Amino acid sequence: MGARVPALLLAGLLAAPLALTAGTAAAQVRSVEVRSPRPFGIFLGDLVEAQVEIRADPDFRLQRATLPQPGPVTYWLDLRAVAVDDVTVAGARRVRLRLTYQSFYAALDARTLEVPGFPLTLASEAATGLTTAAVQVPGWSLGVSPLREVQPQRREDPAEYLRPDGRGGRIDPGPDVAAAAGLGTLAGLAALALAHDRAWGPFRTRRGRPFATALRVLRRQRVGAEPDQAYRAALLALHRGLDQTAGRRVLADDLGDVLARHGAFRGQAEGLARFFEASRLAFFGGRLPAARAAWPLAEAEMLLTRLAAAERSA
């Protein structure tokens, strides 16, 4: 008997810290509350909002890994989304969960169903180690309703079970048609102005864009033509563009005077000088291969492209 007293005393001393720890863990979670704006009148397919508010000691944080994952909860209920708001308010930690459920219960009559609860874990990390506290979110009730009555009142005429279609308000299409017509007209005018500026479509041969015309001639001659023939056509197209721009025949010695009167093309003086050198070799020197080597056809097209762009901006 005397040997059993110290053993009981030792067991009591060991149990005392455990009891103290359990009491401390219980004190760490101050309250758990579940709210739902409308826990009744839920039909098949409806979304149901619920809010869980947990208050705990300020040094505790929610372990997000313990949150419920979206997916089936029961055979009739799915969890669609979970939002978390974890802040410190008035000396306490407030964890607020916003849960979105969807009901798939095809009710035959109005009844109350139980939404199951779930466990969570809060944790506090200190120098002495990690302290955790378990939180059990309680289940709550949800009232579901049928989409139709199981056995409607008996009627002699079966057509009386049907309801007439609802009448929607008449929508006047006039303002929308007028707006569409106005916008279409503005778009057409804008496209017409752009075509005129770029010399597209019916404006391709209009006066005042000789370099744009020469560029189109060059590109058209390049298709299916022999290299020498295409090169001569490119030189001639550029000559005609210069002549129309100046209003007279332009020779190499006239280039400075033409550029002085048409300042938009001064930036292409070097390219035009090389063009005249190549033209002299090709037409007057009989050295077409040398001309092509000194000033290739690709450079001719690039020069005409730059002249056409300067022509548009002039």
Problem set entry | With DNA, RNA and ligands ignored, accessible area of residue 105 (1.4 Å probe; Å², nearest 10) | 40 Å²
Exercise. Normalised by the number of residues in the range 251-311, what is the relative contact order in percent for Cα pairs under 8 Å and 6+ residues apart?
Worked result: 34 percent
Exercise. What do you get when you divide the Cα radius of gyration of the chain by 2.2 N^0.38 Å, with N the number of residues?
Worked result: 2.26
For this session: Describe numerically, in nm with one decimal, the distance between label points set 7 Å from Cα along Cα→Cβ at residue 111 and at residue 290.
Result: 10.5 nm
For this session: Could you look at the chain and say what percent of its accessible area is carbon and sulfur, using a 1.4 Å probe and all protein chains?
Result: 57 percent
For this session: Give me the angle, in degrees from 0 to 90, between the Cα long axis of helix 297-313 and the longest principal axis of the Cα atoms of the chain, rounded to the nearest 10.
Result: 80 degrees
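The values are calculated or read from the model by the stated rules, or taken from the named source; none is laboratory data. Predicted model only: the values in this text are computed from it and were never measured. All Cβ positions, glycine included, derive from the backbone under ideal geometry; neighbour counts span all protein chains shown. Protein only, heavy atoms only, side chains kept; ligands, DNA and RNA dropped before computing areas. Shrake-Rupley method; radii C 1.70, N 1.55, O 1.52, S 1.80 Å.
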